[in-house]
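Below is one structure; the comments refer to it alone.
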Amino acid sequence: MSKNLHNRFRRGLESGRTQFGLWLGIPDNSIAEMMACAGFDWLLIDHEHGPYELRDVMASLQAMSAYDVAPIVRPANGDTALLKKLCDIGVQSFLVPMIDTVDAARAVVEAVKYPPKGRRGLGTSMARAARWNTVPDYVNRANDEICVIVQAESVAAIENLELIAKVDGVDGVFIGPSDLSASMGHAGNILHPDVVETVSSALRTIRSASKHAGLLCLDPDKVPHFIDCGANFVGVGVDTLLIGNAARSLAAQYRSDDENAPGNVGY
């Protein structure tokens, strides 16, 4: 196992090339490995909404580690104890949901950084991240490879966005269109003009603070627009949708005359 702490996601962002990724919601090693060799720049393990336990997250990281793809984890929340455990199993890039304030953003940074920049607890002899205490000078090198992306997905977060983006240690901000649309009174309508404009403006605000900006956009026609607005990492798919849609499409080819066929069910 390599003792290089190289963070692929951070290096990808620094390359200046837009980084395209895929959401993982199925806690299965074979799915993680299959998607890891598909050609995406990054894969996000969704511990917030996917049925992942901590052991599942680590297993997915292990399955992906042999491939040239950057793993990101979205934890269920910004709980300090949870973030510490995720750091120790090898997570370097975090996308932390529901960050509405500057204080919440600072708390995330502190939770994943060792002193003096933070208050992450030391337990390197039990940490996969430190290769069980075999990575030379791990505690003094780890901070530089941690990447903190906070998720702005409410009206309150948008109101505080400029200040959140300027927090030291926050590498970028990810806009969550779904929850943002609900917060704006347009639940389920992420393409409402007001939502699209708010997301577009938010991306510009993030980049004006010299931070990385991202979002999940499953509409390929909208992706170029959001890139023009400043997004430099974009989630363009979800494993559950890819598999489900492909299965329904295949079924429809053979059961197109059946009104109750899975392929004829609207999505």
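What follows is calculated from the coordinates using simple rules that are stated; it is not laboratory data. These figures come from a predicted structure and were not determined experimentally. Every residue, glycine among them, receives a Cβ derived from its backbone with ideal geometry; neighbour counts consider all protein chains shown.
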Computed for segment 93-148: size of charge dipole around the Cα centre, +1 on C-beta of each Lys and Arg, -1 on C-beta of each Asp and Glu, debye to nearest 20, value 200
Using Cβ counts within 10 Å as a stand-in for footprinting exposure, how do H6, H47, H225 rank, fewest first?
H6, H225, H47
Going through K113/K222; K85/K222; K85/K166 one by one, the pairs whose alpha carbons sit over 32 Å apart turn out to be K113/K222; K85/K222
Would you work out the charge dipole size for the chain about its Cα centre, treating the Cβ of every Lys and Arg as +1 and the Cβ of every Asp and Glu as -1, and quote it to the nearest 20 debye?
1160
Divide the volume of the convex hull of the Cα atoms of segment 1-147 by its number of residues and quote the answer in cubic angstrom per residue.
110
Can you list the aspartates and glutamates whose alpha carbon sits under 13 Å from that of K84, skipping same-chain ones fewer than 8 residues off?
E110
Through the Karplus equation 6.51 cos²θ - 1.76 cosθ + 1.60, θ set to phi - 60°, convert the phi angles of segment 44-53 into ³J(HN,Hα) values in whole Hz; use x for Gly and Pro.
10, 7, 8, 6, 6, 10, x, x, 8, 9
Once the dipole of segment 128-267 is set up from charges on Cβ (+1 Lys and Arg, -1 Asp and Glu), the residue from the list S183, G172, V223 lying farthest towards its positive end is G172
Signed unit charges on C-beta, dipole axis of segment 127-267, positive-most listed residue V139, T205, L241:
V139
How long are the three semi-axes of the equivalent ellipsoid of segment 161-227, in whole Å, if each is the root of 5 times an eigenvalue of the C-alpha gyration tensor, listed from largest down?
21, 13, 9
Long-range amide H contacts for M184: which residues qualify at under 5 Å (H placed 1.01 Å from N, peptide plane, sequence gap of 5 or more or a different chain)?
none
Could you derive backbone 3J(HN,Hα) for segment 104-119 from the dihedral phi with the Karplus parameters 6.51, -1.76 and 1.60 (θ = phi - 60°), listing whole Hz in sequence and x where the residue is Gly or Pro?
5, 5, 5, 5, 5, 4, 5, 5, 9, 10, 6, x, x, 7, x, 9
Using DSSP to call loops (not H, G, I, E or B), can you name the GluC sites (Glu not before Pro) in segment 158-267 whose Cβ has at most 14 other Cβ atoms within 10 angstrom?
E259
Enter the mean projected area of the convex hull around the alpha-carbon atoms of segment 148-267, in nm², rounded to one decimal.
8.4
Given charges of +1 on the Cβ of Lys and Arg and -1 on the Cβ of Asp and Glu, with all other atoms neutral, how large is the dipole of segment 126-267 about its Cα centre, in debye to the nearest 20?
420
Specify, per residue and in Å³, the volume enclosed by the convex hull of the alpha carbon atoms belonging to segment 5-66.
91
What GluC sites (Glu not before Pro) in segment 21-97 are in a loop by DSSP, with at most 14 other Cβ atoms within 10 Å of the Cβ?
E53
Need one number: nm distance between label points at R55 and N29, each 7 Å from Cα along Cα→Cβ, rounded to one decimal.
1.2
So what are the radius of gyration and Dmax for the Cα set of the chain, in Å?
19.0, 66
Tally Lys and Arg at +1 and Asp and Glu at -1 over the other residues with C-beta under 15 Å from the C-beta of G230: what net charge comes out?
+1
Relative to a virtual label point 7 Å from the Cα of K166 in the Cα→beta-carbon direction, which members of segment 82-108 show backbone nitrogen distances below 19 Å?
100-108
Residue by residue, what Karplus-based ³J(HN,Hα) values in Hz, rounded to whole numbers, does segment 11-27 have, using 6.51, -1.76 and 1.60 with θ = phi - 60° and x for Gly and Pro?
5, x, 4, 6, 6, x, 8, 4, 9, 9, x, 10, 7, 10, x, 10, x
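Going from the alpha-carbon gyration tensor of segment 109-156, what semi-axes, largest first and in whole Å, does one get by taking the root of 5 times each eigenvalue? Don't jump to the answer; show the numbers that get you there.
Details: eigenvalues 135, 24, 18 Å².
Result for segment 109-156: semi-axes of 26, 11, 9 Å.
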